[in-house]
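Report on the following structure.
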Amino acid sequence: MEKRGSSDLQILATALRFLSIDVIEKAHSGHPGMPLGMADVVTVLCRDFLKFFPQDPRWPDRDRLIFSSGHGSALLYSLLYFLGYAHPTLQDLKNFRQIHAKTAGHPEYGTLEGIEMTTGPLGQGLAAAVGLCAAATQHCALASANLHKTYVLVGDGDLMEGISYEAISLAGHLRLGSLIVLFDDNNITVDGPTHLSRTSDITAYFVAENWHVRTVDGHTYTEIYDGICEALSDPRPSLIRCRTEIGHGSPTFAGTAHIHGTPIGAEERCRMQKALNWPYAPFDIPKDILKAWRSMRQRNEKSYNLGNTIRSSCHSRKTCSVPSIVFDALEKLKEEAFHTPIPCATRMNSHRVLESIVPLCPALIGGSADLTPSTNTKISGIVPFMAETPHGRYLHYGVREHGMAAFMNGLALYGNTIPYGGTFLAFSDYMRPALRLSAMMKLHVIYLFTHDSIGLGEDGPTHQPIEHLMSLRLIPNLFVFRPADAIETYECWECALKCCDNPSALLLTRQHVPLVRSKTKWNANYAALGGYILEEDTPERQFTLLATGSEVSIAVQAKKLLNAQGFQGAVVSLPCWELFEQQDSGYKQKVLGFTSVRVSIEAGSTFGWEKYIGKKGQAFGVDRFGSSGKAEDLFQFFGLTPEAVQTKVIEMIKKKGNDK
C-alpha cells in the first residue's frame, strides 16, 4: 500500500458526504450524523485497504465490511454506488426508506450485494463480525490460504450494549488478529453527550481484553492511514478510535445530538455547500469524481485473479452442503431406536446425533455457552477452536449466551458452515435479539435448547421455561422443534439440517422419555410434516389429544385409560408447528380431527393452543412460574397427568353429547 496525499481524498470524501445527505433529504428521513462523521475514515479504508471486487461481490476472499451502526445506512448505500456495485443505482438511492426499496432504513442482508449482514440493533454487527472473523480464520487455516480482514464500523451506542462486551472479550481471548474495529468516537448519543451515561475508559478495557488500540483523528487522512497500517501489522484484534465530529461539515448542527437522526434540511445543505466548496445539485456527481471512486477496485484485480486460483481449495464447501451419508447415519439411529426402545432424555438422543454426524459433515461447527456437559453438544475427540488450534470445530463460548447467538450468525454469514450451539431453554431470552436476526436473515443456524420444561426438576422456577416455547414460535421464519422421543429427535435433526433458509431451534428434555413411535413405522420422517397422527382407533374419533415433546407420552397413556372405558380417539404429535402450517388444509383437518373433542398437553404456556383445539377445546399446560421439586411431583402438581386428561376428556365428551 502506498501512502498518498490528502487533496484527492478530501474531494472523494466530500462527494460521499453530499450523496449521503441527498439520499436522506430525498426521503425526509434518516440519520446524517454518522455518514458525515465517518466519510473520511471510509474513504481511506476503501481507497487504500479494503479488498473488494464489485463485478464478483461474493468473492470468497474479499474483506468483510460490517456497519454495526446500521442507522448509518445512507453512507453504506452511497459507498456501494460509488464503488460500482450493480445496485444501488441512483434511482435506488432516491427510493431510500420507501416500501419495497432495496435501500431500506437499516441495511438488510439479501437486498443488496455488499451488505454483509442485517444491522440496526446496536452491538449485533460487532458481535456477529467476531463470528465472521473466526470462520475466516478457520477456513483459511484449513486451506493454508492468506487471511482476509473483517472491518467493523461501530459507534458509541454499539460500545454501550452488553453484547459488545461479550464479543470483545471472546475476540481477544481467541486472538482474532484479522478483526479491525473502526470506532466513530464522537462522544454523542441520542440523549446528548456521552458523559451523561458513561465515564468508562474504553481504551483500558480493550487493552485488558488483549486488543491492540490506536487513537487517530478521524478527519486527518494520514492519521487514519497510519492507524489502519498499524492495526494490520498487529497480531491482536484492533480497535481504532477515530476521534470524529458527528455531522462533520454541517455548519449549524455538527457536534450536536440533533444531527444523529434528523435530516438537515435544504437551507443547511446550502450552508454546507459553501463551507465545503461543493457547487453541485442533489445527486449530481461529477464524472471525474465518480471515475476516481470506481477506479479503486483496480487495486484488487491482481488479488481477485489469484483468488480464483485458490478458491476451490479454500472454499470447497458450499453452504447447506450436507453429505448424503449424514442422513444415512440418521436413518441408522432411527432403526436402532425402533428396535431397542430404551427411555432416554432427548438431549442425549441429540448427542448421539452429533457423535454420528459431526465427523461426517465438515460444515458443522458446535459450541455451548458454558453448559457443554448439560447440553451434550461436544463430541468425543473434537478439537476446540482456539488461538492455537484455529482449525478446531467446537467453541467454548463461556457464559455469553447472547454473544454465542450473534457469533453463530457470523459463522453462518461467512458461508460453508452450519453452526449449532447449546444452552438451557430458559436462557434463550438472553439470545433473542441475535436469534431474531438469524430468522430475519434466513440463516442456517441450529439452536439446541435443553432443559425444556418443568421436567428439569429441582433447579426451580428460575430455570424452568414457561413462556419461552410459545415466544419462540412467535418469531417469523424460526422453526421450533420439540421432539417426543429418540426417533422424533433424529427426524427433527434431519429437518434442521435440510432447512437452509431458516434457523431451527430444537427443544430437548433433561428427563428420560419413553419411545412413543413403537407402533408407527420409523423409516419415514413424520416430524417433517410438522404434525401427524401417532395413534388412532378410528377416523370417527370422539377425542383428539394433541401434544409435543415429553407430554406426548402422557397423551398416549391417557388414551389407553380412555380406551379402557370404551372411548375411541387419537393421539397427535405436533413437533413443529411451522412445518405443520405448510401442509394443505385437508391434511391438517384429518390430523386435528375437527369434529372430535380436542385437548392439548404441553408443559408450558397454554397461550396459542386455541389455534388447534378451538374455543371449546381444553389446554393442559403451565400458566404460572414453576417450582422446585422432582419432575414427577411437578407434573402431578400442575395437573399434567394421564388421569387428569382422562377425567377432562370424559367430561367434555359427555357435555358435547348433552349439547346436541
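Rolling a 1.4 angstrom probe over the protein heavy atoms with all chains in place gives the chain an accessible area of 38 Å² per residue. The label-point distance for residue 564 and residue 519, in a model that sets each label 7 Å from Cα toward Cβ, rounds to 1.5 nm.
The heavy atoms of residue 272 offer some 0 square angstrom of accessible surface to a 1.4 angstrom probe. As a fraction of the 1.4 Å probe accessible area of the chain, surface on carbon and sulfur atoms comes out at 52 percent. Put 214, 269 in order of accessible area, highest first, and with a 1.4 Å probe you get 214, 269.
Of all lysines in the structure, those lying under 30 Å Cα to Cα from residue 274, and not within fewer than 8 positions of it along the same chain, are 3, 26, 94, 287, 291. In this calculation the C-beta distance from residue 370 to residue 458 is compared with R0 = 22 Å, giving a FRET efficiency of 0.65. The solvent-accessible area of residue 173, taken with every protein chain present and a 1.4 Å probe, is close to 100 Å². In summary, the lysines within cross-link reach of residue 656, defined as a Cα separation below 18 angstrom excluding same-chain residues under 8 places away, comprise 615, 616, 648. Annotation: amide H of residue 186 within the under-5 Å range of 156, 244, sequence separation 5 or more or interchain, hydrogens built in the peptide plane.
Count charges around residue 154 for me, please; just the other residues with Cβ under 12 Å from its Cβ, Lys/Arg as +1, Asp/Glu as -1. After counting each charged neighbour, the total is -4. Take the Cα of residue 651, step 7 Å toward its Cβ, do the same at residue 498, and the gap between the two points is 4.2 nm. If you take all C-alpha pairs in the range 1-134, what percent of them are over 26 Å apart? Distances greater than 26 Å cover 18 percent of the Cα pairs. Rounded to the nearest 20 debye, the dipole magnitude of the range 542-660 is 520 debye, with +1 charges on Lys and Arg beta carbons, -1 on Asp and Glu beta carbons, and the Cα centre as origin. A Förster radius of 60 Å combined with the Cβ-Cβ distance from residue 252 to residue 399 puts the calculated FRET efficiency at roughly 0.80. For the range 599-653, the alpha-carbon coordinates run over 32, 23, 11 Å along the three principal axes, in decreasing order. In the set (1) 91, 54, 45; (2) 104, 71, 46; (3) 162, 65, 51, the label that goes with Cα extents along the principal axes in Å computed for this structure is (1). Relative to the compact-globule estimate of 2.2 N^0.38 Å, the Cα radius of gyration of the range 416-455 comes out at 1.25. Placing a label point 7 Å from the Cα of residue 331 along the Cα-to-Cβ line, the residues of the range 473-510 whose backbone N sits under 17 Å from it are 487-488, 490-495, 497-498. Figure the gain on full extension for residue 625 and residue 90 (residue separation times 0.36 nm, minus the Cα-Cα span) and round it to one decimal in nm. Full extension of this stretch gives 187.1 nm more.
Cα extents for the range 549-660 along the principal axes, largest to smallest and rounded to whole angstrom: 43, 34, 22. Hydrodynamic estimate: the Kirkwood radius of the range 400-528 over Cα pairs, inserted into Stokes-Einstein at 4 °C and 1.567 mPa s, corresponds to D of 86 µm²/s. Relative contact order for the range 1-130: 25 percent, from Cα pairs under 8 Å spaced at least 6 residues apart, divided by residue count.
The translational diffusion coefficient of the range 81-197, from Stokes-Einstein at 10 °C and 1.306 mPa s with a Kirkwood hydrodynamic radius over alpha carbon pairs, comes to 98 µm²/s.
Of the residues 199, 143, 189, the one whose Cα sits farthest toward the positive end of the charge dipole of the range 124-209, with +1 on the Cβ of Lys and Arg and -1 on the Cβ of Asp and Glu, is 143. Taking 13 Å as the cut-off, the amide N atoms of the range 66-81 that come nearer than this to a point 7 Å along the Cα-to-beta-carbon line of residue 111 belong to 70-78.
Extension gain residue 342-residue 199, at 0.36 nm per residue separation less the Cα-Cα distance, in nm?
45.7 nm
Which trypsin sites (Lys or Arg not before Pro) in the range 486-548 sit in a loop by DSSP (not H, G, I, E or B) and have at most 15 other Cβ atoms within 10 Å of their own Cβ? Hits after loop and neighbour filter: 521.
What number comes out for the charge environment of residue 109, summing +1 per Lys or Arg and -1 per Asp or Glu over other residues with Cβ under 15 Å away?
Values: positive: 58, 64, 102, 436, 442; negative: 108, 113, 116, 501.
So the surrounding residues net to +1.
With helices as the sole contributors, the chain gives -12500 deg cm²/dmol at 222 nm; each DSSP H run of n ≥ 4 counts as -39500 (n - 2.57), and the sum is divided by every residue. With K and R counted +1 and D and E -1, the other residues having a Cβ less than 13 Å from that of residue 630 yield a net charge of -3.
Normalised by residue number, the volume inside the convex hull of the Cα atoms of the range 360-422 is 83 Å³ per residue.
The values are calculated or read from the model by the stated rules, or taken from the named source; none is laboratory data. It should be emphasised that the depicted structure is a prediction, and the values quoted were computed from it without experimental measurement. Cβ atoms come from the backbone with ideal geometry, glycine included; neighbour counts cover every protein chain shown. All accessible areas refer to the heavy atoms of the entire protein, side chains included, with ligands and DNA or RNA removed. Shrake-Rupley method; radii C 1.70, N 1.55, O 1.52, S 1.80 Å.
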